[in-house]
Amino acid sequence: MSAVSGLLYLPVVVWVATGMGLLVAYRKSTPRLVLRLAATFLALWAILATTVLVWVLLNGGMPAVLVLLHSPLLLFQSRWALVWVAGAVGALGVFTVAFLLNQLVGRGLLRVLDTSPVPWPSELPAPAAPTWLLSFESPVAEAFSFTLLEPGFREGRTPYRRDVILLSRGLRALLTAEEIDAVVAHELGHIRGLDSRYLTFLRTLARMMRWDPLLAYLAWSLTRREEYRADIEAARMTRRPLALARALFKAASAPESAPARPVPGFLGMPGRRGHREAYERIRRLVALAESGAFEGEPVV
């Protein structure tokens, strides 16, 4: 085996090792580590997938698929080194487009929605980064959070990030002040866990690559995990898990007066799956309240 052929195996070895690390970290590690491992895993997966696609296109299309299935090690011959370079460039292109789309959607929401500022809840800790808490005109009970990169200089860094939390008029009219605070704490939990940077990007990538079941499953699984984690963060900050449980119940029970949500929000994934998960989240929050785990715990 030539040195070039050996180097071509390196992305696969790192990809497998990253996948194993992701499986180990999924349940016990911090969200920042899990999401960064997931981003690395998907970056390497994109290189492998685009390299295979380029190789197949260069070698006759569908007949080449059968050849590659029969002899997958053909792809690691040194004469295909430039195909791997093309695959890496293609993967970088896909990730760049996904990132730009993610930023454009966030900025588009701020332009399209009729937003107005909302005072930051006095009982919640002040966010570390610049954060907008905004209300928007919609009868649907919903909340979102995302992160935008802003040009210019701030605190010696360029660019800097701005986190955004959006609460619908329908949600604010439906909930009590205590429940609204719990929803804001939940969205702040997403921001603290870097969900608004990594997870929204990964979901955008999954929507771009609908043909990839691995990517879709990973995006759904991470979304589900992070909703549970953000619920616990909100319970720690407010010391009132039942307030968040009530907010979830009211939002899940509210009649839909607009088309189904195109993106995950306060209820998690869109559609019936999100509603089913909401009731599981309510059950967990009630169990937390009954355990007394957060009674008297200081806000963090």
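The values are calculated or read from the model by the stated rules, or taken from the named source; none is laboratory data. Remember, predicted model here, so these are calculated numbers, not experimental data. Virtual Cβ from ideal backbone geometry, glycine too; neighbours counted across all protein chains shown.
Mind listing just one residue for me: the one in segment 109-147 that is among the polar types (S, T, N, Q) and surrounded by fewer than 15 Cβ atoms within 10 Å (Cβ to Cβ) and, of those, modelled with the highest pLDDT?
S116
Please determine, by comparing only the residues of segment 199-220 that are without any contact (Cβ under 8 Å) to a residue 12 or more places away in the chain and part of a helix (DSSP H, G or I), which one is nearest to L92 (Cα to Cα).
R207
Search segment 137-147 for residues being of a type in the set (S, T, N, Q) and assigned to a strand (DSSP E or B), and hand back the single one that is nearest to L244 (Cα to Cα).
The selected residue is S145.
Of all the residues that make up segment 198-214, how many are crowded, with 22+ Cβ neighbours inside 10 Å and farther than 16 Å from G268 by Cα?
Residues in segment 198-214 being crowded, with 22+ Cβ neighbours inside 10 Å and farther than 16 Å from G268 by Cα: 1 in total.
Report whether or not L7 is out of contact with any Leu (no Cβ under 7 Å at 6 or more places or on another chain) and closer than 19 Å to E233 by Cβ.
no
Quick one: is A88 assigned to a helix (DSSP H, G or I), surrounded by 15 or more Cβ atoms within 10 Å (Cβ to Cβ) and at pLDDT 85 or above?
In short, yes.
When you look at L134, is it in a helix (DSSP H, G or I) and in contact (Cβ under 8 Å) with a residue 12 or more places away in the chain, yes or no?
No; evaluated as a whole, the condition is false for this residue.
Take L73 and decide whether it is assigned by TED's automatic domain parsing to the domain that holds L10, assigned to a helix (DSSP H, G or I), within 30 Å of E226 (Cβ to Cβ) and of a type in the set (A, V, I, L, M).
No.
Can you name every residue in segment 27-36 that is more than 14 Å from the chain's Cα centre (by Cα) and in a helix (DSSP H, G or I)?
Those that are more than 14 Å from the chain's Cα centre (by Cα) and in a helix (DSSP H, G or I): R27, K28.
Looking at segment 148-170, is at least one residue crowded, with 17+ Cβ neighbours inside 10 Å, in a loop (DSSP other than H, G, I, E, B) and β-branched (V, I, T)?
Among the residues of segment 148-170, not one is crowded, with 17+ Cβ neighbours inside 10 Å, in a loop (DSSP other than H, G, I, E, B) and β-branched (V, I, T), which makes the answer no.
Only residues that are surrounded by fewer than 16 Cβ atoms within 10 Å (Cβ to Cβ) and β-branched (V, I, T): list them for segment 91-104, please.
The answer is T96, V97.
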